[in-house]
Amino acid sequence: MPNRLRRLRRTESLRALVRETHVQASDLIYPIFVREGQTEAEPILSMPGQSRLPVCNLAAAAKEIQELGVGAVLLFGLPTHKDEEASSSRDPNGVVQNAIKAIKDATPDLVVMTDVCVCAYTPHGHCGVLKGSVVDNEASLPLLAQMAVSHAEAGADVVAPSSMMDEQVGALRTALNQTGFRDTAVMAYSAKFSSAFYGPFREAADSSPSFGDRASYQHDYANARHARRELLEDIAEGADILMVKPGIAYLDIVLRARELSDLPIAAYAVSGEYSMIKAAAERGWLDEKKIVLETLTAFRRAGADLVITYHAKEAAKWLNNN
């Protein structure tokens with residue numbers, strides 16, 4: 001006798017009863033851009049609904065995020081000073097360091113993650129220091145390690161190296177251990193692809209390269225096996241969480257990461273994904289709530305435990321009201 005698979009799809013109650021994949025507000029991580037030297041929020045034109053926040057606004061922002069049940073925040077800093085050595089990236093009174101302190105003072109239990117990369121701290125906008133016109137991998141590692149330690153000293157729970165330098169996870173793990181921060185976790189941007197989806201972010205973070213691109217150190221989007229090798233390297237170097245970035249076009253990589261490791265997997269729904277949904281929703285071409293919840297579910301279904309998304313606050317409200 002043929003099976004009638006529609007039986008368990010007949011009503012919403014039945015569908016909910018047998019639903020395999022669930023998304024909760026606590027699965028979400030909200031990225032925040034923090035600009036040094038300003039006192040008011042500055043809207044990001046290419047990312048409707050998002051703003052660069054001053055440090056003085058972070059206490060209120062953090063309380064709202066915590067009340068919504070969002071799992072964590074991920075901080076990106078926009079400093080007033082840039083130089084070839086990215087010196088402000090590891091300043092104890094730098095923009096991210098002060099942002100961490102402000103959030104932890106207001107919401108001690110909110111998980112604070114920080115991006116560890118020097119692209120926004122250098123005039124050239126590349127993710128490491130330069131030797132001529134080439135990013136110098138070995139010279140960049142100690143600067144990234146010092147930046148991570150300064151974030152840990154300020155109170156960060158998780159540091160997230162995104163520069164895609166070889167051995168960056170090991171460099172951070174060693175530096176954190178040697179300075180008494182063994183309990184500070186490392187979320188590795190393991191499978192970070194060179195992608196056109198990052199366009200709005202580079203405006204938001206003021207971090208576009210002044211020459212060339214980042215294809216020599218970020219993954220070629222055609223290569224899944226190469227990403228697997230990077231995932232394995234970061235696991236060996238001591239990563240606590242693995243990340244795949246971008247998100248929706250890379251669900252196959254999320255699945256590969258899930259099959260490869262039992263570590264928590266994060267998927268980053270990046271700026272371009274957010275802005276496309278916003279633009280289509282503003283024109284009435286998509287139902288924003290439905291498409292966001294569908295894509296978040298797709299990340300979780302593919303194997304992601306965590307989703308970094310600019311929709312986190314809106315999604316949390318929708319999920320909490322379901």
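Quick notes on this one:
- Taking each residue of the stretch 264-275 that is under 18 Å from Leu231 (Cβ atoms) and looking for partners that are among the β-branched types (Val, Ile, Thr) and part of a helix (DSSP H, G or I) with beta-carbon atoms closer than 8 Å, six or more apart or interchain, yields Ile265/Val254; Ala267/Val254.
- Restricting the stretch 193-210 to residues that are at pLDDT below 80 and touching a strand residue (DSSP E or B) at 6+ places or on another chain (Cβ under 7 Å), the residue that is surrounded by the most Cβ atoms within 10 Å (Cβ to Cβ): Ala204
- Any pair with Cβ under 9 angstrom, 6 or more apart, that starts in the stretch 10-25 at a residue that is touching a residue at least 40 places away in the same chain (Cβ under 8 Å) and part of a loop (DSSP other than H, G, I, E, B) and ends at one that is surrounded by 10 or more Cβ atoms within 10 Å (Cβ to Cβ) and of a type in the set (Lys, Arg): Glu20/Arg301; Thr21/Arg300; Thr21/Arg301; His22/Arg300; Val23/Arg300
- Selection within the stretch 9-43: residues that are open to solvent by less than 40 Å² (accessible area, probe 1.4 Å) and hydroxyl-bearing (Ser, Thr, Tyr). The member of this set that is modelled with the highest pLDDT is Tyr30.
- Within the stretch 136-161, the set of residues being outside any helix (DSSP H, G or I) and in contact with a helix residue (DSSP H, G or I) (Cβ under 6 Å, 6 or more places away or on another chain) comprises Gly155, Ala156, Val159, Pro161.
The values are calculated or read from the model by the stated rules, or taken from the named source; none is laboratory data. Because the structure is predicted, anything quoted here is derived from the model rather than measured. Ideal geometry is used to build each Cβ from the backbone, glycine not excepted, and the neighbour counts take in all protein chains shown. With ligands, DNA and RNA removed, areas are computed over all heavy atoms of the protein, side chains included. Shrake-Rupley method; radii C 1.70, N 1.55, O 1.52, S 1.80 Å.
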